[in-house]
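Only the coordinates and a few stated rules stand behind these numbers; no lab work does. Only a predicted model underlies this, so the values are computations on that prediction, with no experimental measurement involved. Heads up, the Cβs are rebuilt from the backbone with ideal geometry, glycines too, and the neighbour counts pull from every protein chain shown.
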Amino acid sequence: MCCEQGGNSGRNPTAKELREAERVAALDPKLQKYHPTAVSSDPDKLAHINTYGLLPEFYVDQPFICRRCGKREIWKAHDQKWYFEEAKGHIDARAVECHSCRRTKRQPPE
Ligand SMILES: [Zn+2]
C-alpha cells in the first residue's frame, strides 16, 4: 500500500481535515452514516462485544485532543474498524493520546 505517510492516517491532520472531522462527528448519526468517510461495520466481527446498547453500524472519523501533549489528531474510521473488529477492542474505548505519545510510552525510560 502506498501513501501510508500521507494525510490519510489522521496523524498530522490539516486544519481543514480537523474542521471536517469535527463537523461530521457532530452530525446526526442518520446523516453520518451516508458521509463518504463513514466505514460500515461487520456485525459478525463485533460478536465479542457484550453490551446492552446497540452495536455500531458504522464508524466515522473522531477528532480528539491528546491528553498528554494537547496535539489534535483524528482517529480514522478505518482504524476504529480495525481496533474493534480485528484487535477486539472494548467498545467504549476512545482515542485519548496521539501517535507520538503512545509510541513514547512503549519505549523504556531513559
Ligand atoms: Zn500527544
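Summary table below
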read-out: Convex hull (Cα only) mean projected area of segment 13-110, reported in nm² to one decimal; value: 7.5 nm²
read-out: Calculated FRET value between W82 and R19, using beta carbons and R₀ = 22 Å, to 0.05; value: 0.35
read-out: Helix-only CD estimate at 222 nm, as mean residue ellipticity for the chain, using -39500 (n - 2.57) per DSSP H run (n ≥ 4); value: -6500 deg cm²/dmol
read-out: Zone of L54's modelled label, taken as backbone nitrogen in segment 20-35 under 18 Å from a point 7 Å along Cα→Cβ; value: 25-35
read-out: Theoretical FRET efficiency, 1/(1+(r/R0)^6), r = Cβ-Cβ of K30 and R68, R0 41 Å, to 0.05; value: 0.75
